[in-house]
Amino acid sequence: MGARSSRMPWHSEERAPEEPDRSGSVYEALFLRGEESDVRIRALGEEWNLHRVHLCQSGYFASMFSGAWRETTMDTIELQMPDENIDREALHEALGSLYRDSMHIPAGRVVAILATASMLQLDELIQQCGEVMKETVSAQTVCSYYYSAESYGLENIRSMCLQWLLDNMMTQRSEELLREISLDLMKELIASSDLLVMEVEMDVYTMLKKWMFLQLQPTWRGPRTALLPDTDSWFARSRRESGGTPILETEQGRAFVPVFQQLRLAYIIWDLMSARVIQQDALIPATWLTPVYKENWLAPLWTEQTRNLWRMDVYVSDTQGNSMRCGGVVAILATASMLQLDELIQQCGEVMKETVSAQTVASGSAYSGREGSRSACACLPWTGLGEPFSGRTQDTGCFP
């Protein structure tokens, strides 16, 4: 078994050491035992007796050995590891991959190996790490995969992890998952119209409360049932200590403002019990809520009293960030469409007709966007305080 010629374009004139007759494989003889070595690599308190011709399969070493670097003629090369994700085991595996055709990458080691492969510019190993991530993404791995993909330029993996979180974050009951989601990532998730919310917007608010508590109290440990009561108790104590100032207006809470600004408050205060919780928590400043209460009161009055005067154009682009999250019916409709279950698709349509309201009128993108076209609004127009009126929705996305 010899080294693959396709992986040695930089020093094709060099001849790889011959495999000793008495040995097993190239990997065992040349890498593990270091036979016929012509360069020593030293890093992380470890030494490897290796071969330039094999190392040149790495873009990192190819540049080092082909340029005017002093390492070109050195017998021992000291490597500095600028990335804290790189450890001795990952470096050993990455260097060993230069001596064999394939290697097994456990999910628990893929981030460290990806970091090492990125530093050494091992494209095949980077691609293999990406495949492992695709196959093993879960609540336990999604955040570490997301941050690694973002750091090492794997955009397809980053997008996959983001979509996984959009589809699963609200249904996962994992304190560790919430603890691992950064401020920037949470802001992107809450701002997205693709966030799957199975019930109501109040669930998003409750989740954010727990997430914020875990960010501010990272050492908290307790049973899952104690998380929300402990969260409420901690915020109540903080509110008393700050003299009643809303948490988001305090020094420790200001960092979370961009995330909570993505909440769709209009669909929280429509419910009396939810509005009371918001008021009791005093987490959100009154200056945020007053305009929402005003708009929620004026909107149905405006719609009811002006419906016979002129038509209003509502475009899907205007609903992004403002429409009601209708995750439950959308998820069922999306699945039914994929499986071509015509009766279930029709039933979803009937539910949409029956539940159209002042809260759902602007959610055409939520009803149709995840599995259909985002260029047209797919729900019935709503008149405000009266009954829905019939009319043909137009391809421009406006209401008649």
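All of the numbers you see were taken from the coordinates with simple rules; none came from a lab. What you are looking at is a predicted structure, and each value in this text was computed from that prediction instead of being measured. Neighbour counts are summed over all protein chains in view; Cβ atoms, including those assigned to glycine, are modelled from backbone coordinates with ideal geometry.
Annotation: the residues Cys56, Cys129, sorted from fewest to most other C-beta atoms within 10 Å of their own C-beta, follow the order Cys56, Cys129. Note on Tyr205, Tyr145: ascending count of other Cβ atoms within 10 Å places them as Tyr205, Tyr145, the fewest first. Electrostatic bookkeeping for Cys161 treats Lys and Arg as +1 and Asp and Glu as -1; over the other residues with beta carbon under 12 Å from its beta carbon, the sum is -3. Around Glu89, under 11 Å between beta carbons, what's the net of Lys plus Arg minus Asp minus Glu among the other residues? Around Glu89, the charge tally is -1.
A straight chain from Glu124 to Glu89 at 0.36 nm per residue would run longer than the Cα-Cα distance by 10.7 nm. The modelled label-to-label distance for the pair Ser242/Ala286, using points 7 Å beyond Cα in the direction of Cβ, is 1.6 nm. In the range 192-290, Rg over Rh equals 0.94, where Rg is the alpha-carbon radius of gyration and Rh the Kirkwood radius from pairwise Cα distances.
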